[in-house]
1. Can you compute 3J(HN,Hα) from phi for each residue in the stretch 20-34, using the Karplus curve 6.51 cos²θ - 1.76 cosθ + 1.60 with θ = phi - 60°, rounded to whole Hz and x for Gly and Pro?
2. Over the chain, calculate the relative contact order: mean separation of alpha carbon pairs under 8 Å at least 6 apart, over the residue count, as a percent.
3. Using the alpha-carbon atoms, what tilt in degrees (0 to 90, nearest 10) does helix 39-67 show relative to the longest principal axis of the chain?
4. With the cut-off at 17 Å, report for the stretch 4-67 the share of all Cα pairs above it, as a whole percent.
5. Give the distance, in whole Å, between the Cα centre of the stretch 24-68 and the Cα centre of the stretch 6-21.
6. Label points 7 Å out from Cα along the Cβ direction at TYR60 and GLN25: separation in nm?
7. Count the net charge of all other residues whose Cβ sits under 10 Å from the Cβ of GLY24, scoring Lys and Arg as +1 and Asp and Glu as -1.
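Just so you know, all these numbers are worked out from the coordinates, no wet-lab data involved. These numbers were taken from a predicted model, which means no experiment stands behind them. Neighbour counts are summed over all protein chains in view; Cβ atoms, including those assigned to glycine, are modelled from backbone coordinates with ideal geometry.
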Amino acid sequence: MRSLSIVIPGIILVIFGIIFSFQGQGMLGPETSFMYENQEWIDNGIIISMTGVILILIGYVVEKKKLT
């Protein structure tokens, strides 16, 4: 149960990172957004997504150690 509190924020971060990256590429969101077609937000989205993946992996490792 403890790992779930790590995995859920990780999943949310991955989703937000993908959304931010798509907005930075101009594929998603309104054209009036400050993130629209902005290279900086492509990079930020990738960093946010990778942070989420790391949290998911940490949650997975915690769950596996609990089972052993």
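1. Once rounded to whole Hz, the list reads 5, 5, 5, 5, x, 7, x, 9, 8, x, x, 5, 7, 5, 5.
2. 45
3. On a 0 to 90 degree scale, this one is about 10.
4. The proportion of pairs with Cα distances above 17 Å equals 45 percent.
5. When both Cα centres are located, 5 Å separates them.
6. Inter-label distance under the simple model: 2.3 nm.
7. -3
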